[in-house]
Every structure is written in structure tokens, then in C-alpha cells.
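Colleague: Take a look at this one; I'll ask things after.
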Amino acid sequence: MAGFQVDITSIPGGYIVKPSGRAGGPESEHLEAELSNLFKLRPQMIVLDFSGLEYLSSMGVSALIRLHHGMKEIGGKVRMAAVPTPIMSLLQSARLDHLIPAFGTVEAAQK
């Protein structure tokens, strides 16, 4: 997992999660574990800041889908921000952009 990290910042009612680097298999498991830990806190919102993400595996996409469904069950929201074009193309092909709205900036995603 060298070069991959997940930074978490608390905001009113939720968290900003910023994964950076390449999220392949083991890294996607790390990302999912971090998201799962946050979900247990029952936040109102999780903003995924993808500005530093270089690659997202299919395992990572699955983790995002599970997060979306879990947050929906508790009445929470998941939003994506600053998604790089190659990653947005992947998310669109998985139709994840229909489940989780994407915004140009983290600030816009928080509104």
C-alpha cells in the first residue's frame, strides 16, 4: 500500500474522506475498512474527495456501492467531489454516477 493513504476530516454532520494514490486490491480493502468505520458512526453525510485518487479498482467501486446502500438505509448521503476524468469514466461505466452525485469541488458537495 505504499503511496496510498486515506485522510479523514470531520465536518458538521459528517466527514470528508480523501483517498490519495492508487486504490488497487489491498488499497481498496483499506479504503473499505475506513468507510465501514465511519459508517458505524452514522454520519449524515460522507463526501468523497477524489482529487488525489489516481486509480480505483473494481473492489473500490464495490466498496462505494456498499457505502451508498448503507448510508441510504440510515437516511444519510454520499457525495463525490473533484473526480479525475479517468476515474469518472470508470464510475460512469459502472453507473455509480447515478447513485452518488458528483460535484466539482468539496465545498459544492457539502451544500
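Colleague: Can you pull out the residues in the range 15-49 that are aliphatic (A, V, I, L, M), under 23 Å from GLN110 (Cα atoms) and not in a helix (DSSP H, G or I)?
Modeller: Of everything in the range 15-49, those that are aliphatic (A, V, I, L, M), under 23 Å from GLN110 (Cα atoms) and not in a helix (DSSP H, G or I) turn out to be ILE16, VAL17, LEU41, MET45, ILE46, VAL47, LEU48.
Colleague: Now, a different point. List the number of the failed condition for GLU27; all other conditions in (1) more than 24 Å from LYS72 (Cα to Cα); (2) surrounded by fewer than 15 Cβ atoms within 10 Å (Cβ to Cβ); (3) charged (D, E, K, R) hold.
Modeller: (2)
Colleague: May I ask you to list pairs of residues, at least six apart or on different chains, whose Cβ atoms are under 7 Å apart, with the first in the range 81-92 being closer than 11 Å to GLY52 by Cα and in contact (Cβ under 8 Å) with a residue 24 or more places away in the chain and the second being outside any helix (DSSP H, G or I) and among the polar types (S, T, N, Q)?
Modeller: Pairs that qualify, where the first residue is closer than 11 Å to GLY52 by Cα and in contact (Cβ under 8 Å) with a residue 24 or more places away in the chain and the partner is outside any helix (DSSP H, G or I) and among the polar types (S, T, N, Q), are ALA81/THR105; ALA82/SER51; ALA82/THR105.
FYI, it's all coordinate maths here, none of it is from the lab. Keep in mind that this is a model prediction, so the values were computed, not measured. For neighbour counting, all protein chains shown are included, and Cβ atoms are generated from backbone atoms with ideal geometry for every residue, glycine included.
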